[in-house]
Structures are given as structure tokens and as C-alpha cells.
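Throughout, read-outs are computed from the coordinates displayed, never taken from laboratory work. Remember, predicted model here, so these are calculated numbers, not experimental data. Here the Cβ positions follow ideal geometry from the backbone for every residue, glycine too, while neighbour counts run over all protein chains shown.
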Amino acid sequence: MGSPVSARERIQPRTEIWSDVVCPWCYIGKRRLESALRQFEHADEVEIAWRSFQLNPDTPAGTAVPTIDYLAGRFGPQAKAMTGRVAELAAAEGLDFDFAAALTVNTLDAHRLLHLAAGLGIGDAAKERLLRAHFTEGADLSDAGTLTRLLGEAGLDEDRVRAVLAGSEYADAVRADIDEARRLGASGVPFFVIDRRYGISGAQPAETFLQVLRTAYAAEDAAAPR
């Protein structure tokens, strides 16, 4: 007989997160999950997998529209008050949102590069860099040169980034993520799935994430062979 499998090897609560890099609630939700993980006793065993979702898939590739203008077109005069409230909630999580500088773009290329980064083990660093670039720096995430620079700062080889951008690599993976989100019943993001058992929709409070993580861990522990 082989040696017993340790609890650390058995129990790995996997958290999949469907989100978009131009989604303010996705960035807020990321920070709230991170807050929960700082309190979770087994945080070092949690695997995070970022999944693709596009809020504005019909936005023409290569175009960038000021987000304030885009939202005003959708929601009218209340758009400014809406963004102000979201910025306040973001600030409570330590985030500096500048909606006046943000640009609404097609994020397919950004998601393709996030798949590249995930395969190299730096998916979270790449995700964080793109979110900060969009919400704080007003970066154009549809621009190839900008994406190359940002992903290079996150640790990717810039020549590899350029090669991906020059073709269609990872586009199928992005579409597969979006299709899977729909199969799981996600109509918006962020959407968190823990151990393929527990779903959390929206940027819930850190306490909610912590409770679900503990529940998932306890369930895995109870089911693990002894």
C-alpha cells in the first residue's frame, strides 16, 4: 500500500471566477475575496482560476469609448451618480477608480492574454495589472502596444504576447469560458464557483466568501479518505 494522502494534498478548495477586466464589480469582488482569504485558515491551499467573460462583446475591436459616455448612453443622467457610488465602494476596498479616464473596449484580446498568463502560472498577476490599468490609469485595453507593455510588466515575455496578439490563439478558450458561464446560469459577473458546488453571484461581502470557503473546506475534509 502507498503512504496515506495528507489533508493538505486531499483538500484544495478550487475557486473559479468569471469576470471581465472592465467590470468594476469584478475588481471590487476580487478585493473582497482576497480579504476573505486573509482570514481563511487554509488560504494557502486555495487554487484560484480566472475565467473569461465579456460585458461588451459587441464593441468593435480596436475602438475605445470613454466609459462615462458609454454609461450615459445606457443609463442617462444618473450614470454620473452611479459611477460615483461605485467609486466610493471601491475606495472602501483600497481601490482608486477613475471613471473619467476609463475606456470601454472589446476585451477579447485581453482575455486571450490572460489565458496565456494562466498557463504560465501568473494569471492573478496579469489579471490585477489589467484591472488596475483600466480603472486607475485609463489604459486602452484594446491597444496591442498597451497590452504588450502591461503583460510584460506582469511577467510575460513581450515577444510571446505579440505573437498571441498577431493571431487567434486562445480565442476558443475564451469562448468556452463564456459558454460555460451560461451553462452554469451566470447572467452577469463577477460569478464565483467554489469546488463546483457553491456559487456566489456578485461582489458579495468578504464574510460571505469566508463562510463559503469554510463550508467547502469542511465538506472536502469530511469526504476525504482516512
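Other residues within the sphere of radius under 14 Å centred on the Cβ of residue 178, judged by their own Cβ, net out at -2 (K and R +1, D and E -1).
Its Kirkwood hydrodynamic radius, worked out from the mean inverse distance over all distinct Cα pairs, puts the stretch 16-119 at 15.3 Å.
Assuming 1.567 mPa s and 4 °C, estimate D for the stretch 45-169 with Stokes-Einstein, Rh taken as the Kirkwood radius over Cα pairs, in µm²/s. Answer, rounded: 84 µm²/s. Going from the residue with the fewest nearby Cβ atoms within 10 Å to the one with the most, 115, 134 rank 115, 134. Shape summary of the stretch 170-221, radius of gyration then Dmax from alpha carbon positions: 12.9, 37 Å. Compute the label zone of residue 196 within the stretch 157-186: residues whose backbone N is under 14 Å from the point 7 Å along Cα-to-Cβ. Counting only backbone N, you get 180-181, 184.
The stretch between residue 179 and residue 49, if pulled fully straight at 0.36 nm per residue, gains 45.2 nm over its current Cα-Cα span. With all pairs of different C-alpha atoms in the average, the Kirkwood value for the hydrodynamic radius of the stretch 103-145 is 10.5 Å. Along each principal axis, taking the top coordinate minus the bottom one, the Cα set of the chain gives 62, 41, 31 Å in descending order. Stretching the chain fully between residue 38 and residue 208 yields a gain of 59.8 nm (0.36 nm per residue, less the alpha carbon separation). In the chain, the DSSP beta bridges split such that about 60 percent are antiparallel, to the nearest 5. Counting beta carbons within 10 Å around each of 168, 19 and listing the fewest first gives the order 168, 19.
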